[in-house]
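The values are calculated or read from the model by the stated rules, or taken from the named source; none is laboratory data. Being a predicted model, the structure only gives us computed values, none of them experimental. Note: ideal-geometry Cβ built from the backbone for every residue, glycine included; neighbour counts use all protein chains shown. These accessible areas exclude ligands, DNA and RNA; they are computed on the full protein's heavy atoms, side chains included. Shrake-Rupley method; radii C 1.70, N 1.55, O 1.52, S 1.80 Å.
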Amino acid sequence: MTQGWEQDGIFAPHRVLRTPLGFDESHQSDEVGPAALVTVAGRPALATFGLPTADGSYYSVVDLETGARVPDRSGLHGSKGPRAAAVGMCGDRAVLALLLQSPADGDDGVRVLRLRDVWSGEPIDVEFPRIRRDWPIAVATIDGRGIVAAGATVYDARDGSVIAQHDGTGYVKALAEHQGRLLQVRYDVLRRAHFLQDALTGAAVGEPFGGRELSTIATVVVDGHLWVVFPGRYADRPGLAWDVTDGREADLPPLWDAESVGDRPIDNLRLQAQDGDIIALVQWGYEGRNGTEVWLPAPHGGRRLGVDFGRSSALALGVLDGRTAAVAGYHGRSLKVFDVEAGTLVPSPYYAGYVESDAKGRNCSFVDVGGRGSLLVCGATGVVWDFESGLPVGTAPFGDGVRTIAAGVVDGRAMFAVLTGGRSDTVPTALRVWDPQTSRTVFYRELPAESERFRTWDNPMTFVEFAGQPTVARRFNRGVEFYDARTGVLVGSITVENMKRINVLATGRIGGRTLLAAGDAKGPVQVWDSSTGREAGPVLPGHRIDDGLPKINNQSVSAIAFAQVSGRQVVVTGGGDRTVRLWDLATGEAIGTPFAGHPGEITALLPTHWDGQAAVISVASTGAPRMWMMGAPSVDTGHTGQVTALTAGTREGRPAFASSSADGTIRLWDAATGRIVDSIAVGRAQVTAVVFGGPARDILIGVTEDGLVQRWDVNSGAALGAPLHRGDKPMYAADTVEMDGRSLVGVAGADQTLRIWDVVTGEQVAHLPVGRFVGSVALAAAGGRLLAFVHGGTADDERCAGDSVAALWDVSAGQPIGKPIHLSEGGEVAALGVRNGRVVRMHGLDADAEDYSYHGPSEDDLELRDALTGDLIAAFKQHGHGHGRSGAVVMVEAAGRTLIVAGFANGVALLDNELREVSEHYREHKTSMVNCVAATEVDGDLVVASSDDANAVHIWRPFC
């Protein structure tokens, strides 16, 4: 893979960041939050929060020029929690081992072992071989050597090399250190017996015993005797303890207070004996959904609760350096260690608790601290990360009530402003400014509560110079308030007249002025000169565009920045519509066309320079960061609204694709190069479908949400005559077919009627009520009959609402053929085609069929049937091919054969007419559902166009 800023092959001279770690577009939508340009080792770097990486970090930093990854060396797990945990002494060092899920090459079954010092949390740099499944793990010192075990394999804790591997009979359920040996507790399924085996020698230890087959198990050494404990499935039922040393059942004392615990389900248990008493660490319910608790002996008998870790995915308990430590790990890098004797959590920046990736990113902020790029992120505990070392370097005393963090510089020192509380009357709103270099609070001030309607809104904040002094600006109700950054005193406010809900505040300095901008959830942007509090220019429409485009384009502003471009003062905005736009601050006019290359909401805009030219880096909630050259000539970068349909035809004699969009336009794409070659502005309504028709397939027919059906000459972009139809209800579906030497187009929608026209003459040739709301239509001609396969719902107010039904119609006779097909959820697609002269239909399972029975994974399956007889030709078992639910299907003739292009929840598959995959699955769609597909031939090769619920069109060549 190319690394660094690669020039976009379609939208040059703009660039996209390519790097094999972090920014590889492999993450899912809505995971990437804020971003900033920081300094690492004296070089500029791009830092983002929430982007998953190979080492599981929740931030990613790359060198701005080379794209090289700046590694996170903390060794913490990522969004998924550890699968297993263990603690023990390796020589004189207390060690915590974690078994982590670490997918390699798309394989979620890969596991890795990681070690760290229990008391400090610092990682121990040892690499272990990859592991293929979940196993119980252990840490111990045997014969003076520190070892780590995972299932049947024992490793040297110093270098990760394999010492021993004894598989034996049955499988390993637990590991226990006893009398200088590491023992495997195994279960033989056939004999229904548990037994012990030495992990290093493979020798059997003691006699087999029964126990409980389905129970979780724990081991504990009591007065020199090794017990294997079977607690059962619920807390209110008696447990069983087997004394391995004596070979008999032991009397198991109460492990928790039965009255307070009740009948909670037990998912996992760890035990440790100390001074004759047993300490229990128990996970109630799956992943601790009912809590993860440490239970201790009470001073006067009975049991008392030590700590509740909350949810957990892995547990460990042991005596280390004479102190009992309990460990719980969970998702979002959550890792906590409890010192039982002290009764407190072990303080460490590595043990910060749960942190959730959030595209809005209000709970984190970046800044250079002493010339070193840093991140403050707040979950259960605030943590400061140093990017150069790749390690957490401190904690912050903010608790878990943080709403917003902002970074800035006050008197030459980096500072963080932290807003906490305020969502209810019980937790007061408070603002503090915190110095990360001294770990001291500069001030703490409780603030007035917002009115009820504003409390749950985003509460943006920024440092800005106001009236000559450094302040912290925050949204308050419908305005902006300014607090002295040194004292917390309120020094001014601005009333915002043109906005209803401010969700972005940004500051910048251009033209010798410090400016403050506010972006609204409904679209507009307002800019002030912060030294005077006066407006610095006209209100910008932002992403609420009133230029004849559909109302769906009224999207919120999600990011703002300032730049100087060729002497012009420019405001840059990014929005929920996935576009980046430039505005002239003085006139309020848009500069050029929107930049539309991202598949997700814009979360950060970072002005910079590249090769001496003004540029802005945009980061989105999903997909690779992009760099837009702001002084470059305008180039059409694609749709600014969701793509609603794709179709294949010709333009100027060359294979072409057309796409329709919610942005009110149709775009034409050269199939060979993937470049946009023209754009047709249709009107104020969403264009809901588009198809090619005519003898040369060079006439476009588009339909809109306001009931328009119109033809265009694809070569000139000019409308052909008057509209074929203009109704008062939305049109949603269109398809074309050749029949008896005529090119026909069929259109349907919310008025429950299928209309057929001659594409060339515009003559209407059929008008067929179909009795349902139509979301898609497919046409075919056979045996002198015109067939239509219509798919939709029975409700009047939603596209394909409720009951998802497909029905085949003989258009000429005006009659349905056979019974309607009630499509199962997950297979709600319907296509029609001709295979070896035989009309076939493709769709999901028929939920009304006699042999249908609900089975979750099968609901996404597709069937190919004879359209007229209903006979099954082939079936595609999606759950066996790694696909998700169906989103789009099209049948095409290419290279002398019928091929089927099918879009799913995780990509596109190419199938032959027996529904066998004939190429690699296309997996470059990173958002939820591929909802449009089309295909054509270019120089004998198949070329596919596909789109998902983002704005982009992918044009690619299968490997087949």
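If the condition is being of a type in the set (Gly, Ala, Ser) and open to solvent by 50 Å² or more (accessible area, probe 1.4 Å), then the stretch 316-331 contributes only Gly322. Considering (1) free of Cβ contacts under 8 Å to residues at least 60 places away in the same chain; (2) of a type in the set (A, V, I, L, M); (3) touching a Ser or Thr at 6+ places or on another chain (Cβ under 7 Å), the lone condition that Ala766 does not fulfil carries the number (3). Starting from the stretch 129-146, take each residue that is assigned by the TED database to the domain that holds Arg116 and on the phi < 0 side of the Ramachandran plot and list its partners that are open to solvent by 60 Å² or more (accessible area, probe 1.4 Å) and part of a strand (DSSP E or B), counting only C-beta distances under 6 angstrom and pairs at least six apart or across chains. From the stretch 129-146, the pairs are Ala140/Glu177.
Residue-wise test of (1) modelled with pLDDT under 90; (2) not charged (D, E, K, R).
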position	(1), (2)
Arg513	no, no
Thr532	yes, yes
Ala536	no, yes
Ala561	no, yes
Gln569	no, yes
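The residues on offer are Ala614, Ala645, Ala620, and the sole one that is over 16 Å from Val953 (Cβ atoms) and open to solvent by 10 Å² or more (accessible area, probe 1.4 Å) is Ala614.
From the list Phe338, Phe387, Phe366, which one is open to solvent by 10 Å² or more (accessible area, probe 1.4 Å), among the aromatic types (Phe, Trp, Tyr) and either over 16 Å from Gly50 (Cα atoms) or at pLDDT 90 or above (or both)?
Working: Phe338 fails: open to solvent by 10 Å² or more (accessible area, probe 1.4 Å); Phe387 fails: open to solvent by 10 Å² or more (accessible area, probe 1.4 Å).
Among Phe338, Phe387, Phe366, only Phe366 is open to solvent by 10 Å² or more (accessible area, probe 1.4 Å), among the aromatic types (Phe, Trp, Tyr) and either over 16 Å from Gly50 (Cα atoms) or at pLDDT 90 or above (or both).
For the stretch 720-775, the tally of residues that are among the small types (Gly, Ala, Ser) and within 19 Å of Asp706 (Cα to Cα) stands at 10.
The residues of the stretch 594-615 that are part of a strand (DSSP E or B), farther than 14 Å from Val570 by Cα and either at pLDDT below 90 or of a type in the set (Gly, Ala, Ser) (or both) amount to a single one, Ala604. Condition test on Leu214, is it on the phi < 0 side of the Ramachandran plot and crowded, with 17+ Cβ neighbours inside 10 Å? Here the answer is no, as Leu214 does not meet what is asked. Apart from one condition, Ala813 fits all of (1) at pLDDT 90 or above; (2) over 24 Å from Ile701 (Cβ atoms); (3) surrounded by 20 or more Cβ atoms within 10 Å (Cβ to Cβ); the exception is (3).
Restricting the first member to the stretch 561-583 and to residues that are aliphatic (A, V, I, L, M), and the second to residues that are not in a strand (DSSP E or B), the beta-carbon pairs closer than 7 Å and six or more apart or on different chains are Ala563/Met630; Val565/Met630; Val565/Gly631; Val570/Leu585; Val570/Met630; Val571/Leu585; Leu582/Met630. Take the conditions (1) over 26 Å from the mean Cα position of the chain (by Cα); (2) of a type in the set (Val, Ile, Thr); (3) at pLDDT below 90; Val110 misses just one of them, which is (1).
Those strands (runs of 3 or more DSSP E) of the stretch 698-783 that lie entirely within it include none in which at least 3 residues are of a type in the set (Lys, Arg) and either modelled with pLDDT of 95 or more or over 21 Å from Ser661 (Cβ atoms) (or both). Taking the stretch 126-196 as the region of interest, the strands (runs of 3 or more DSSP E) fully inside it that hold 2 or more residues being open to solvent by 40 Å² or more (accessible area, probe 1.4 Å) and either farther than 17 Å from Leu317 by Cα or not small (Gly, Ala, Ser) (or both) are 162-165, 171-178.
Considering each of Thr441, Thr456 in turn, give the residue that is part of a strand (DSSP E or B) and either polar (S, T, N, Q) or assigned by the TED database to the domain that holds Pro44 (or both). Step through it out loud before you land on a result.
Values: Thr456 fails: part of a strand (DSSP E or B).
Every option except Thr441 fails the conditions.
Taking the criterion of being at pLDDT 90 or above and open to solvent by 10 Å² or more (accessible area, probe 1.4 Å), the only residue of the stretch 822-838 that qualifies is Leu832.
Among the conditions (1) part of a loop (DSSP other than H, G, I, E, B); (2) more than 22 Å from the chain's Cα centre (by Cα); (3) under 30 Å from Ala696 (Cβ atoms), the only one that Gly641 does not satisfy is (2).
For Arg311, all conditions in the list (1) open to solvent by 10 Å² or more (accessible area, probe 1.4 Å); (2) more than 22 Å from Pro136 (Cα to Cα) hold save one; what is the number of the exception? Of (1) open to solvent by 10 Å² or more (accessible area, probe 1.4 Å); (2) more than 22 Å from Pro136 (Cα to Cα), only one is false for Arg311: (2). When restricted to residues that are surrounded by fewer than 22 Cβ atoms within 10 Å (Cβ to Cβ) and outside any loop (DSSP other than H, G, I, E, B), the stretch 280-294 contains 2. In the stretch 869-920, the residue that is modelled with the lowest pLDDT out of those that are outside any strand (DSSP E or B), in contact with a strand residue (DSSP E or B) (Cβ under 9 Å, 6 or more places away or on another chain) and within 17 Å of Asp941 (Cα to Cα) is Ala895.
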